[in-house]
1. Report yes if residue 65 is farther than 30 Å from residue 340 by Cα, in a loop (DSSP other than H, G, I, E, B) and at pLDDT 95 or above, otherwise no.
2. Given the criterion free of Cβ contacts under 8 Å to residues at least 40 places away in the same chain, closer than 27 Å to residue 312 by Cβ and of a type in the set (Val, Ile, Thr), identify the matching residue among 356, 349.
3. Sort out which residues of segment 80-106 are assigned to a helix (DSSP H, G or I) and either at pLDDT below 95 or charged (D, E, K, R) (or both), and write them in order of number.
4. Would you kindly identify the helices (runs of 4 or more DSSP H) lying entirely within segment 265-379 that contain at least 2 residues that are under 24 Å from residue 228 (Cα atoms)?
5. Do we find that residue 257 is farther than 20 Å from residue 85 by Cβ, modelled with pLDDT under 95, out of contact with any strand residue (DSSP E or B) (no Cβ under 9 Å at 6 or more places or on another chain) and open to solvent by 10 Å² or more (accessible area, probe 1.4 Å) in this structure?
6. Scan segment 315-347 for residues that are over 25 Å from residue 55 (Cβ atoms) and open to solvent by less than 10 Å² (accessible area, probe 1.4 Å) and report the count.
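The values are calculated or read from the model by the stated rules, or taken from the named source; none is laboratory data. Since this is a predicted model, take the numbers as computed values, not measurements. We place every Cβ from the backbone using ideal geometry, glycine too, and count neighbours over all the protein chains shown. When the accessible area is computed, the model is the full protein with side chains, heavy atoms only, and any ligands, DNA or RNA have been set aside. Shrake-Rupley method; radii C 1.70, N 1.55, O 1.52, S 1.80 Å.
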Amino acid sequence: MSEKFDAIVVGAGPAGISCAHDLAKGGAHVLLLERGEYPGSKNVMGGVLYRKMMEDIIPEFYKEAPLERPIVEQKFMMMDKESAVTFSYKGMEWGKEPYNNFTVLRAKFDQWFADKAVQQGAILINETVVLECIVENGKVVGVRTDRPNGDVYADVVVLADGVNSLLAQSLGFHKEYRPDEVALATMEILKLDKKVIEDRFNLEDNQGCTIELFGDATKGILGTGFLYTNKDTLSIGVGTLLSGLIKHKIKPYELLEYVKSHPMIRTLIQGSEPQEYLAHLIPEGGYHSMGRIVGDGVIVIGDASQLVNAIHREGSNLAMTSGRLAAETILLAKEAGDFTEKTLDHYRVRLLDGFVGQDMKKYKDSTHHFDQNPHYFDQYIPMLNRAASQMFTVDGQSKWEKQKKIWKDLGSPKEKMKMARDMYRAWKVVK
Ligand code: FAD
């Protein structure tokens with residue numbers, strides 16, 4: 001490959017495809033390299049796709065994209081071993097155009113999205129691993145691939161290679177992530193009749209529901225489980241910090257089996273057949289773990305720069321926004337004929353000033369706080385369940401009597417003070 005490009009984008013996930021799409025649309029000569037057989041073949045997501053950020057790239061994409069269901073209900077289950085307190089919001093406005101968000105299967109969606117980038121003029125080459133960046137005089141000038149004569153050159157290289165980003169690491173942009181900076185998630189796609197899904201989850205045709213699982217779903221380790229409805233499949237999974245799995249000596253697939261057999265979940269997935277098993281890391285170190293994201297001739301986007309908002313299970317939207325802003329910056333740099341860090345820094349400023357940077361800063365201490373204080377999950381959630389059981393069991397005791405029992409269950413005055421302090425600290429790290 002002797003041709004020189006305006007930009008090479010490494011990795012065809014939501015970040016890389018968004019960037020390649022907008023670059024090509026803006027008239028740039030762009031190469032998109034993907035190590036998988038096709039875009040999406042190596043990608044894992046629960047999969048909630050957020051409409052707004054996708055529409056910023058392809059308006060009204062929902063009229064043709066391979067989506068599963070528009071989500072009309074979001075549930076949050078606070079689970080104990082044999083019970084759950086559930087909060088939910090269901091709104092019919094989310095079931096109508098322009099919708100709020102959708103469930104997707106990444107293997108299908110990423111292929112469709114990459115085709116859109118190709119239609120704009122991007123050149124996509126699959127089954128190509130980028131081994132390293134080519135650096136000359138401190139500036140990234142291209143990439144070395146695993147293909148024969150596989151060096152390719154460009155004015156700028158965009159690293160969209162996902163969570164580990166060995167390429168950014170090898171440039172010294174970040175260190176190898178610690179086990180408390182990444183979560184390991186395992187998930188299954190379960191085949192289930194469409195009508196059964198709709199009856200079981202109280203949905204009409206073309207309506208979907210998401211359930212996030214807290215507490216016992218992760219055996220008290222920092223993380224969450226999830227159960228999402230697709231057209232005729234369910235996506236079920238659980239992700240926890242790698243450090244938690246190591247500390248508790250729990251194997252990720254055992255945790256997934258535990259969630260699947262939980263009394264609050266097993267009836268929802270009953271009769272389904274496993275279709276696919278997937279596992280992937282999620283960057284959850286947050287703002288403090290973000291390394292350098294801009295250098296001479298290089299920009300880092302998406303998971304490769306730790307852009308995940310774990311509290312709100314958002315990742316794909318941050319990836320797409322970072323890809324779009326990187327493309328915008330590169331097109332400006334192309335106009336100016338200057339690809340130095342100084343010019344490309346426009347991307348970092350735009351990213352951090354917008355909702356991505358604001359949200360990353362808002363939750364910057366949350367992962368560490370909840371990881372260091374597991375009692376939110378293994379003590380307070382069971383307490384909430386006992387309180388609900390006490391209050392809603394009709395057994396001839398007065399409600400005053402019940403309130404007294406609940407109050408007593410909270411422990412000694414010292415323990416109650418600790419709990420009040422914990423609630424205040426939790427509020428402080430998410431406010
Ligand atoms: P990726 O999607 O990881 O794409 C990186 C691409 O780069 C891959 O295609 C990979 O094959 C390729 N690549 C890597 N190295 C190389 C190389 N050296 N050469 C060539 N190609 C390379 N986010 C949400 O918004 N909603 C959710 O519901 C949600 N649920 C999730 C559930 C799970 C189980 C997991 C694991 C993640 C979830 N996320 C969710 C997060 C979301 O998946 C990521 O934030 C998003 O995929 C990041 O996109 P990306 O393009 O940066 O990286």
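1. yes
2. 349
3. 93, 106
4. 266-269, 316-336
5. Spelling it out, it is not the case that residue 257 is farther than 20 Å from residue 85 by Cβ, modelled with pLDDT under 95, out of contact with any strand residue (DSSP E or B) (no Cβ under 9 Å at 6 or more places or on another chain) and open to solvent by 10 Å² or more (accessible area, probe 1.4 Å).
6. 2
Rundown of residues vs (1) closer than 20 Å to residue 197 by Cα; (2) touching a residue at least 12 places away in the same chain (Cβ under 8 Å); (3) open to solvent by less than 30 Å² (accessible area, probe 1.4 Å); (4) not charged (D, E, K, R), yes/no style:
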{"site": "58", "(1), (2), (3), (4)": "no, yes, yes, yes"}
{"site": "82", "(1), (2), (3), (4)": "no, yes, no, no"}
{"site": "97", "(1), (2), (3), (4)": "no, yes, no, no"}
{"site": "107", "(1), (2), (3), (4)": "no, yes, no, yes"}
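Conditions tested, residue by residue: (1) within 16 Å of the ligand (Cβ to nearest atom); (2) modelled with pLDDT of 95 or more; (3) open to solvent by less than 10 Å² (accessible area, probe 1.4 Å); (4) not in a strand (DSSP E or B).
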| site | (1), (2), (3), (4) |
| --- | --- |
| 173 | yes, yes, no, yes |
| 187 | yes, yes, yes, no |
| 196 | no, yes, no, yes |
| 199 | no, yes, no, yes |
| 225 | yes, yes, yes, no |
